[in-house]
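Each remark here refers to the structure printed beneath this line.
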Amino acid sequence: MLGTAWGAVDDLISDAEYHVLRPAGPGGCTAVVRETSFLVIGNGEAYAVGRTGLALGESASWTVDDGYRPVDAGTYELDWGRGGGLLRISGTSTDPVVRGGLVDIDCGW
């Protein structure tokens with residue numbers, strides 16, 4: 001219960017936005033992204049969601065300068081292959097990705 005409450009508070013403080021990325025991959029695997037920003041830092045986390053509708057943990061994360069939200073801004077690419085997906089996060093010249101940026105989306109096929 002405390003974890004759920006803390007997660008809700010964190011979503012409010014960091015103005016979290018969630019995005020379901022399309023298209024879905026083979027077998028119905030879907031990439032879901034949570035983006036936040038606080039002061040001058042933007043953060044993102046990607047999750048692989050399978051047929052069950054549950055993510056079994058974070059796939060990867062990234063940090064961007066100046067609170068930039070690359071998925072919200074559309075500066076990303078998602079490509080699916082037989083073994084899963086690859087999510088490429090891009091910043092801008094003034095809001096670069098400072099950590100992370102390549103995310104493997106693996107639904108555990």
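The values are calculated or read from the model by the stated rules, or taken from the named source; none is laboratory data. Remember, it's a predicted structure, so these values are computed and weren't measured experimentally. All Cβ positions, even for glycine, are placed from backbone atoms using ideal geometry, and neighbour counts span all protein chains on display. Accessible surface is based on the protein model in full, side chains and every heavy atom, while ligands, DNA and RNA are left aside. Shrake-Rupley method; radii C 1.70, N 1.55, O 1.52, S 1.80 Å.
When Rg and Dmax are taken over the Cα atoms of the range 64-109, they come to 11.9, 38 Å. Distance between the 7 Å Cα→Cβ label points at ASP15 and LEU102: 3.2 nm.
Protein heavy-atom surface of the chain, 1.4 angstrom probe: 56% of the accessible area is carbon and sulfur, with nucleic acids and ligands not counted. P(r) tail for the range 23-78: Cα pairs beyond 14 Å make up 56% of the total. Segment ASP66..ARG51, full-extension length gain: 1.9 nm, with 0.36 nm per residue of separation and the alpha-carbon distance subtracted. Placing unit charges on each Cβ (+1 for Lys and Arg, -1 for Asp and Glu) gives the chain a dipole about its Cα centre, and among THR30, GLY108, ALA55 the Cα reaching farthest toward its positive end belongs to GLY108.
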